[in-house]
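Report on the structure given below.
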Amino acid sequence: MNVKSLFWFFVGFVFVNFASSLWLLLSSVLTITPIPLPYWLLYTPGNIVTAGIIVAALMLALYTYLGVALVLNKMNRGFIPITMVIAFTIGITLLLVRQAIPALVILVIAYVMLIGTYIVITSVTTSRTSKALWGVATIILALMPLILIGGGLAVINYIRYMAITEQAMAIMASAVEAWRLGVEQ
Amino acid sequence: MVWPMPRVLPVVVLALAIVSVVVLVVNSIYAVPSPISSVRIGGFGEADYYASQPIPNVSPGLLVRVFLINGSSVKPVNAFIDVYANAPSGIVHVAMGYSSTLIVPFNNTNWLYALGKWASLGIPFSEYNTSMLVFITYIHGNESWILPLVIPYNVGWVYRALGKSTPSDATPRYIVVNAYINVNELRPSRVVPVRLNGTVTDPQVFGTYNGYTVYNCSLSGPQPEVYWSFPLYEFAPTSECVGINGSLPIAWATWSSGVIQNDNGLVIDLSIDFSGTINWDAMSTDYGDLGTSYSASENWGPQSAEFILGSQVTQPGSVYWYYGGATWAIVNYTVWYVGDITGPYYMGTTTVSEVLYVPPNDYYAATFDYGSGPISMFYNGAITLSEQYFGYPALNASTVVDYAAFEYTPYGEELWECNGPVGNTSTVFGGVQYTLYTVTLGGVNTAYGLSAAEIGTELGGLAFDVLAEVATEGEATPLIEFLNNVGSAIFDIAGLLIPPSTSSSVTRTTLGIGGVTAGTSLYISVINASAVYGLPTFGFILNATNYYGIPSSFTCKYNQWVQIG
């Protein structure tokens, strides 16, 4: 297994999350201060969606990279992230052309594939800490839709905290794995 | 192959990861501003509401930002920003300045004066929302643009942010208004030198008309300091506010003298039924609907007013359901620019009609109007008043929907259904069994063409619109899941997509017509006053020979007819 390729996936994962966090922190605080700002730095719902789409595009690129790297290393489980990326791309395209129902079907498939991708990542990580963090993140990811379907919008705040926990775990897991791959090997 | 920075990179990555996680946590506990609501204002503004822990050196309040849109370029631009607060009986001038941003803290003396007026009503703050009125004047060469913006807010939020009541995570602490001056789309005014006339003539409209009190609603509260700059010039705004206090109809039916003559014995039944939050929208002469200027919880049980033409009612008039003691205002805003040497210039003017106050959960039984009540005022008074006061009609043309007609033809009595089906039920009134033909208008939102504050943004709003659309179909779940995974910032959107819990629940108004016999000739039109006055109120207009306004042509969309008798 060529660990170098996965090293860059984990580095990329952390960088993308850091960039979006930085934009979020800067724009949210600057928006409410009375200094002139360029429009793109405003923390408005429109810009948040735009930022979300950019982050999503970057993440999908990273997952593609992960999938291709795994397949090239003769690990067929790499097809799971690739399928997920294709499904998300189709789903979002359908949303943009306002085909809500087919889009939702495809996005549900993409979500299941995302859980699969997390399982794949858990299986290929080399550090025990990272494996544990990715594992828990996978479980949270799988539970969120079930809880939301069961509890409806009343539990949206719990879902919110779960997702933040899941995201924080994935980020830390990636950093730990990047550390392991970069420093210890 | 040699990796670049093999030792440093993992350390950097670990540091960045820790920072990212800290930011995620900080955001999740509202330690930094997090949007909890967003309102689009016409096509030229947006108000975003942020919950947050106190940010050092930034007082909670209203922040106005002005952007110039020219082609694809969007950039901050200096403009004259003028802010007013709506109070129950008038408007208070709060702040002004020439800049690309203007901050008006909640503890601004003039704003506190307006807030005090609301607090003195003694009504729980959760029962209603009021608004701020912001005018933006942008000048370029000899052209100028004046944008009116209405910014809804709740007095309770302000009191919480000021520490006067228990703080709460989920209420806005900062309100950010983005005004977009699109010079490609909005029509400018011409800047012209003028001679300022020092004496303002009283237009003599103040007094009592048809049960309404018309008064000067510029409250004599504290005034903001005049905005001066160096080299010496001044932006001199004038606002004339005509307040109209009286009853505000929610639904009415009007019948002409022709109906009285031709359709003796006809039974009319006007029923209304709803509970929930009602929004009253501000309307502008140049920009149309500006969004909600006032909203309150209102509750009307199923109520109906039933009577017989010819015996119980013998003259043309109206019957209406109404709120008592409501206030609405017509604000005419004009700006002059006064230079040291150059003298005064006229920058332009704009007019806004807005509801300031309606008592929450307050309504009055059906009442008749035979030419001197609020419905007559609607048809004849308000437009005349604004013409008299401002020299031109302040309000837009009406929207009339041709609804249904009973016609007597050589083939017998026919019912034409033009704008939806006309139902029928059986009713006993005055000991007589009638078939009651019912014209039912749907929910308040669809019937009035108004909706709860529209969620969305003007720029980059495409994706958001798609998301909102999916969410409103009640199938947001997988989408929210997806959003959860693309960045926590997106979470805030999930919150925005949840419809407000206070939306109207039961909302319908019905006009029933009974006693239809061979020979009945009756044309039913519907006037949607929200398009005219910004009021969620509409009326059924009954005529004997043609639809209201005698249209030369009309479309019968539903196009169904029923043989009667």
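Read-outs: derived from the displayed coordinates by stated rules, not from any lab. This one's a predicted model, so the numbers in the text were calculated from it and none came from an experiment. Here the Cβ is made from the backbone with ideal geometry for all residues, glycine too, and neighbour counts use every protein chain on show.
Other residues with beta-carbon under 11 Å from the beta-carbon of B:Y322 carry, at +1 per Lys or Arg and -1 per Asp or Glu, a net charge of -2.
With loop membership from DSSP and a limit of 15 other Cβ atoms within 10 Å, the longest segment of chain A without trypsin sites (Lys or Arg not before Pro) is A:99-185.
May I ask which residue of A:I115, A:I35, A:S20 lies farthest towards the positive end of the charge dipole of segment A:3-184, with charges of +1 (Lys, Arg) and -1 (Asp, Glu) on Cβ and the Cα centre as origin? The one lying farthest along the dipole's positive direction is A:I115. Run the paramagnetic zone check for A:I139: 7 angstrom along Cα to Cβ, then residues of segment A:161-175 with backbone nitrogen under 20 Å. The answer is A:161-174. The ranking of B:E46, B:E417, B:E225 by Cβ neighbour count inside 10 Å, starting from the fewest, reads B:E225, B:E417, B:E46. Put a plus charge on the Cβ of each Lys and Arg, a minus charge on the Cβ of each Asp and Glu, and nothing anywhere else: the dipole of chain A about its Cα centre is then about 260 debye. Here the 3J(HN,Hα) profile of segment A:138-149, calculated from phi with Karplus coefficients 6.51, -1.76 and 1.60 at θ = phi - 60°, is 4, 5, 4, 4, 6, 7, 3, x, 4, 5, 5, 5 Hz, Gly and Pro shown as x. Would you mind estimating how fast segment A:3-184 diffuses translationally, via Stokes-Einstein at 4 °C and 1.567 mPa s with the Kirkwood radius over Cα pairs, in µm²/s? Using the Kirkwood radius from Cα pairs, D works out to 73 µm²/s. Let's test the formula: R0 of 25 Å, r as the Cβ-Cβ distance of A:N157 and A:V29. What FRET efficiency results, to the nearest 0.05? After rounding to 0.05, the efficiency reads 0.65. Projecting label points 7 angstrom from Cα along Cα→Cβ for A:L146 and B:R187 puts them 6.2 nm apart.
At a 10 Å Cβ-Cβ cut-off, how would you order B:F307, B:F540, fewest neighbours first?
On the way: B:F307 17, B:F540 26.
Fewest-to-most ranking of B:F307, B:F540: B:F307, B:F540.
In this simple spin-label model, placing a label point 7 Å from the Cα along the Cα-to-Cβ direction at both B:S275 and A:V71 gives a separation of 5.9 nm. Dipole orientation for segment A:3-184: of the candidates A:V49, A:L95, A:A170, A:A170 has the Cα lying most toward the positive pole (charges on Cβ; Lys, Arg +1; Asp, Glu -1). 3J(HN,Hα) along segment B:347-357: 9, x, 8, 8, 10, 10, 10, 8, 7, 8, 7 Hz, from the Karplus curve 6.51 cos²θ - 1.76 cosθ + 1.60 with θ = phi - 60°, whole Hz, x for Gly and Pro.
Calculated FRET efficiency, B:S89 and B:S165, Cβ-Cβ r, R0 25 Å, to nearest 0.05?
Details: r = 24 Å, r/R0 = 0.95.
Efficiency at R0 = 25 Å is approximately 0.55.
Output the relative contact order of segment B:88-191, whole-number percent, from Cα pairs under 8 angstrom with separation of 6+ residues. Relative contact order, segment B:88-191: 22 percent. Placing +1 on the Cβ of every Lys and Arg and -1 on the Cβ of every Asp and Glu, with no other charges, gives segment B:111-194 a dipole of roughly 180 debye about its Cα centre.
Distance between the pseudo-spin-label points of B:A119 and A:Q99 (7 Å out from Cα toward the beta carbon): 5.8 nm.
Evaluate 2.2 N^0.38 Å with N set to the residue count of segment A:104-185, then give the Cα radius of gyration divided by it. Display every interim value, and only then the final one.
Working: Rg = 14.2 Å, N = 82, 2.2 N^0.38 = 11.7 Å.
Output field value: 1.21.
Can you tell me the FRET efficiency between A:T89 and B:N559 if r is taken as the Cβ-Cβ distance and R0 is 60 Å, rounded to the nearest 0.05? So, using R0 = 60 Å, E works out to roughly 0.85. In order along segment A:114-129, the Karplus-derived 3J(HN,Hα) couplings, from 6.51 cos²θ - 1.76 cosθ + 1.60 at θ = phi - 60°, round to 5, 4, x, 4, 4, 5, 4, 4, 4, 6, 9, 6, 9, 8, 5, 4 Hz, and Gly and Pro are given as x. Cβ crowding within 10 Å, taken as a proxy for footprinting-reagent exposure, orders A:Y39, B:Y437 from fewest neighbours to most as A:Y39, B:Y437.
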